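S.K.: First the structure, then my questions, so here it is.
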Amino acid sequence: MSEDDSKETSNGVDEDEWHLYASADYGAAESLENSEPSNEEETDVEWFDGDDFYQQGDSIDWDAPPCPAPLGIAHVIKIGACDHCLHRIGGRRTQSSGFEGGASLRKEASSRDPGLSDFDIPDLCPLCENLFDDVGNIVERIIETLEETQFRSMQLGIHIPKDLLQSEDAIRTKHGARGSKPLKASFAIAIQAEMLRKTPEIAFVKEYPDVMVTVDALTLRVDTDVRPVFIYGRYEKLARGIPQTRWPCRSCRGRGDGCESCEGTGLQYRESVQDIIGDPVKADMGASDTSFHGMGREDIDVRCLGSGRPFVLEIKNPKIRETDLADLESKINSNNPEKVKVNSLKWCHKKDVSRVKETRSEKSYTIRFKIEDAPPEDQIIESINSLSGVVLEQETPKRVSHRRAAKTRKRKIVSISDVVVDGQEIQFSLRCEAGTYVKELVHSDEGRTVPSVKSVIDRECEVIWLDVNEIHAD
Ligand SMILES: [Zn+2]
Ligand SMILES: [Zn+2]
C-alpha cells in the first residue's frame, strides 16, 4: 500500500491559465495582456503621419483645447472620430450613449458651427478603426458558439493590437475629456452591454465564471473556454483488480489503434474507478472528459470499504452544469454496483482538489496472509498484537522505488485487533498512520520494514489480500 501516492495531478495548464484570467482586473474588463499604453510618451502629433487628414489639414486647429470644450469637440469631429468615440471622449452628458449619443453631440456641434458638416467622415475612425461596428457581430458569434452550453456567468478578455491602443491613447490624452474611458475598456463594456441585451439572465463576473470568452479585435476571432465543474464524494471499491484511474495500455501507450494487447481500447485495464463513476456523469452532463482526484489511492488488488475514499471528480467542458446530484448518484450506483459505489456527492470547487489530495488521514485495514509451518496459535496472536502502538521504520518499498525517492519513514501502528488464525492462513485488522505500507508491514519487504509480522513470528508471510476498512477523514 502506498496511501499517499498521488500520481494524478490537477491540470497544471488550466491552473496557469486561470491565474492569468483571475489576476486581470475585469472590473474594467481589461484584456489578458493588460498592457495599457503608457501616457508618458506624449509626442506631438506624430501619430497622424498618414494622409488621413491631409486634405483637411489646413482648417484643423491642432492646438484646440481638449473636450468637452466646444472647440475640442469640433476638433475630434474634424479628425474623423466615429459617433461612438465622439461620445466616449467628448465628456458631455447626453440622453443616450454609444453611437446615438455621439450622433447627438455631432448634431449639436454642427448647429454651433455649420462649417463642421463640410468635414467628410473618413472610412476609418482614427480612435477605434471602427471596432464598435463589430460589436453586434461578435456577440452573435459568442452566442452561436455557446448555443448548446448551459452557463450563468461569463468573464471576458479582449485582445486589441498594441499600435491601435497606443495611437488611440495619444489622441484621447491630448484631445479627449479627462477621465474618458480607454478603448479597450469601452469595447469590453459595449460587448457586455450587447450580450446582456440578448441574454439578460447571465452575469459578468471577475472570478469563477462558467465560461471565459476571449475576443481578438484584429481578427474578430472568438474563443470560448467552458470551465470545469467539480463534484466531491466518497467511493467504495467492492471488487479487486480495478485501478483507481484510467491506465494507458503499456504496449501502445494509450493510442489504441490496431493494438492487439488492449484490443484497440488504449487501456491497460478496461475498467477504472474513474470511468465507472465518470461515464454516467459524462453522459448526464454532456462533458468531454473527467479527471479523478482521490485522497490517496489503493492498489489495484485492494478493496476500499466502509464509508469509502474521498475524491473529487473534475468534469470537463460540461454542456449541462446544473444537474440533480441524488439522481446522478443513483445513475452511478447502478452503472456497476458489484464493483464501485459512491455516496455523499456534493458540488465543490477547484480548491477542494488540492485539499482532498493533500489530506493525510489514519486508515483501518484488514489483511490476510499465508505462512508455512505455523507456530502455536496463541503465540501467533500474541506476537502480532505486540506490534500495536509500535513505530515502524519503512524504507521505500522495492515495488515503488522506481517512482519514489528512497528514504526511511517512521509510521505508527495505532492499534491491532481481531487476529484470527485459520490453519496456515492468518488475518488481522489494524489502524495506522497515513502513508503506512501495510503489505510490507506483513512480509517485511526483505527486511526493509522493521519490525514486521514476519520478524515477530519468524516465518515467511505471503499476503493473500488486503482491504481498506475505513479512511478516517472529513
Ligand atoms: Zn471610433
Ligand atoms: Zn494498446
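S.K.: Near the amide H of V340, under 5 Å away, which other amide H atoms are found, from residues 5 or more places off or on another chain, if H is placed in the peptide plane?
M.R.: When sequence neighbours closer than 5 places are left aside, the close amide H contacts are L238.
S.K.: For G176, list long-range residues whose amide hydrogen, built 1.01 Å from N in the peptide plane, is under 5 Å from its own amide hydrogen.
M.R.: It is C67, by chain and number.
S.K.: What Cys residues in the chain are without a partner cysteine, judged by a Cβ distance under 4.7 Å?
M.R.: Cysteines lacking a close Cβ partner in the chain: C67, C85, C128, C304, C348, C432, C461.
S.K.: On to the next question. Quick one: Karplus J couplings for the stretch 223-232, per residue in order, coefficients 6.51, -1.76, 1.60, θ = phi - 60°, nearest Hz, x for Gly and Pro?
M.R.: In residue order, the calculated couplings are 10, 10, 10, 7, 6, x, 10, 10, 10, 8 Hz.
S.K.: For the stretch 78-122 and the stretch 418-466, write down the distance between their C-alpha centroids in whole Å.
M.R.: Centre-to-centre (Cα) distance: 86 Å.
S.K.: Something else: Suppose R0 equals 25 Å; then what is the FRET efficiency for E338 and S388 from their Cβ-Cβ distance, rounded to the nearest 0.05?
M.R.: 0.15
S.K.: Using a 10 Å cut-off around each Cβ, can you sort R227, R93 from fewest to most neighbouring Cβ atoms?
M.R.: Values: R227 21, R93 8.
By the 10 Å Cβ count, ascending: R93, R227.
S.K.: From the cross-link list K346/K410; K198/K316; K350/K407, which pairs have alpha carbons spaced over 29 Å apart?
M.R.: Details: K346/K410 35 Å; K198/K316 26 Å; K350/K407 32 Å.
Listed pairs above 29 Å: K346/K410; K350/K407.
S.K.: Lys and Arg at +1, Asp and Glu at -1: add these up for the other residues within a Cβ distance under 13 Å of Y269 and post the number.
M.R.: Working: positive: K237, R240, R246, R250, R270, K339; negative: E263, E271, D275, D299, D301.
Charge balance near Y269 sits at +1.
S.K.: Could you list which residues have their amide H under 5 Å from that of Y269, counting only those 5 or more apart in sequence or on another chain, with H placed in the peptide plane?
M.R.: Under 5 Å from the amide H of Y269 lie the amide H atoms of W247, each far enough along the sequence or on another chain.
S.K.: Another one. Round to a whole angstrom and tell me the spacing of the C-alpha centers of the stretch 348-387 and the stretch 128-153.
M.R.: Comparing the Cα centres of the stretch 348-387 and the stretch 128-153, I get a distance of 57 Å.
S.K.: Once phi is turned into ³J(HN,Hα) by the Karplus curve 6.51 cos²θ - 1.76 cosθ + 1.60 with θ = phi - 60°, what whole-Hz value does each residue of the stretch 414-427 show in order, with x for glycine and proline?
M.R.: 5, 7, 10, 8, 6, 6, 10, 10, 10, x, 8, 9, 10, 9
S.K.: Continuing with the same structure: DSSP beta bridges in the chain, what fraction antiparallel, as a percent rounded to 5?
M.R.: Around 85 percent of the beta bridges assigned by DSSP in the chain are antiparallel ones.
S.K.: What whole-number distance in Å separates the alpha-carbon centres of the stretch 174-205 and the stretch 264-302?
M.R.: 43 Å
S.K.: May I ask you to evaluate 6.51 cos²θ - 1.76 cosθ + 1.60, the Karplus curve with θ = phi - 60°, for each residue of the stretch 261-272 and list the ³J(HN,Hα) values in order in whole Hz, giving x for glycine and proline?
M.R.: 6, 10, 6, x, 7, x, 10, 6, 10, 4, 10, 8
Each value in this text was obtained by applying a stated rule to the coordinates, not by laboratory testing. Remember, predicted model here, so these are calculated numbers, not experimental data. Positions of Cβ are backbone-derived with ideal geometry, glycine not excepted, and every protein chain shown enters the neighbour counts.
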